[in-house]
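**Q** First the structure, which I've put down as structure tokens, then a few questions once you've had a look.
Please treat every number below as a calculation from the coordinates, not as lab data. This is a predicted model, so every value here is computed, not measured. With ideal geometry, Cβ positions are generated from the backbone for all residues, glycine too; neighbour counts draw on all protein chains shown.
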Amino acid sequence: MADRISDNQAVWFEEVSKTFVTARGPVRALRGISGEVPAGAILTLVGPSGSGKSTLLSLVNLMVTPDEGRVFVFGREASAWDPPALRRTAALVFQRPPVIPGSVRDNLILGARLQGRPLDHPEDFLEMVGLPRELLDQDARELSGGQLQRLGLARALVLEPRILLLDEVTSALDPSAVREVETFLTDLCHSRGVTILWVTHDLDQARRVGDWTWLMAAGEIIEAKATEDFFMQPDNPLTLRFLAGGH
Ligand code: ADP
Ligand code: MG
């Protein structure tokens with residue numbers, strides 16, 4: 001079947017389902033998800049724990065493959081991409097980034113090596129995410145939770161991804177640092193056209209940074225709207241309940 005080509009479409013989910021087989025039986029993480037993310041937009045993904053947000057992100061860079069349905073990245077089915085190339089194009093940043101034993105510099109350089117080229121100025125990437133260059137020679141295992149989240153972002157940026165998949169990446173930052181990272185990421189989106197799929201528990205953040213917002217519940221998207229409409233005039237009564245703090 002022909003690829004779904006559209007110049008301004010970064011990610012397309014088409015009737016995607018995923019069930020994990022666990023010792024306690026099957027878990028249906030995603031149930032027939034469809035939706036598209038325009039290139040250069042920020043999609044914020046909200047929903048209760050266990051609703052499938054992280055699984056949805058993982059589909060985009062082939063960390064997880066769907067049982068049913070298809071995922072397209074820039075018009076090409078994810079499974080047709082060379083996985084390393086896809087992971088450079090769509091970089092996933094975790095809430096708790098795994099640390100490579102060694103210095104902060106080592107952590108950044110290894111990221112560059114994945115892309116097959118030397119990294120001459122790792123300090124530039126630290127400064128981009130608001131970390132001082134003095135940290136370069138520090139052991140990455142000694143960083144605070146917030147510093148580690150920033151390092152995780154810096155390591156992704158080294159890849160110069162066209163898509164950033166962010167999974168709760170500001171949860172360990174204090175409020176002023178959260179704003180700083182939000183500004184930096186929205187600028188990146190606007191100046192370089194980077195597309196961001198941004199999972200967050202923080203509804204104010206979802207509203208501040210999002211162009212589009214999806215609410216997930218039990219593996220389904222129950223509300224998908226332009227962010228301002230999502231918060232001002234949701235269609236689903238469950239969305240109102242979620243926004244009011246209930247689940
Ligand atoms: P969220 O990110 O919204 O909290 P997840 O996508 O992490 O939700 O999880 C959705 C459901 O799938 C949960 O019930 C979770 O326990 C389950 N799940 C996620 N990943 C796995 C996995 N690798 N193995 C088994 N179950 C998983
Ligand atoms: Mg999650």
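**Q** In a solvent-free Debye calculation with one equal scatterer on each Cα, what is log10 I(q)/I(0) for the stretch 109-247 at q = 0.11, 0.18, 0.19 Å⁻¹, listed in the order of the q values?
**A** -0.48, -1.05, -1.13
**Q** For the stretch 124-179, with the dipole built from +1 on Lys and Arg beta-carbon atoms and -1 on Asp and Glu ones, taken about the Cα centre, which of GLN149, PRO161, GLY130 lies farthest toward the positive end?
**A** PRO161
**Q** Taking θ as phi - 60°, what are the ³J(HN,Hα) couplings along the stretch 108-124 by the Karplus curve (6.51, -1.76, 1.60), each to the nearest whole Hz, with x for Gly and Pro?
**A** Values per residue, Gly and Pro as x: 6, 5, 5, x, 5, 4, 4, 8, x, 8, x, 10, 7, 10, x, 5, 4 Hz.
**Q** Just add up the charged neighbours of ARG208: K/R +1, D/E -1, any other residue whose Cβ is under 12 Å from the Cβ of ARG208.
**A** -3
**Q** Moving on to the next point. Compute the angle between helix 175-192 and the longest alpha-carbon principal axis of the chain, please, reported from 0 to 90 degrees and rounded to the nearest 10.
**A** Value to nearest ten degrees: 80.
**Q** Measure nothing fancy, just the Cα-based angle from helix 145-157's long axis to the longest principal axis of the chain, in degrees from 0 to 90, nearest 10.
**A** That helix lies at roughly 90 degrees to the long axis.
**Q** With the calculation restricted to Cα positions, what are the radius of gyration and Dmax of the chain in angstrom?
**A** Cα-based Rg and Dmax for the chain come out at 18.0, 53 Å.
**Q** Count charges around ALA85 for me, please; just the other residues with Cβ under 12 Å from its Cβ, Lys/Arg as +1, Asp/Glu as -1.
**A** +3
**Q** Express as a percent, rounded to the nearest 5, the fraction of DSSP beta bridges in the chain (both residues included) that run antiparallel.
**A** 60 percent
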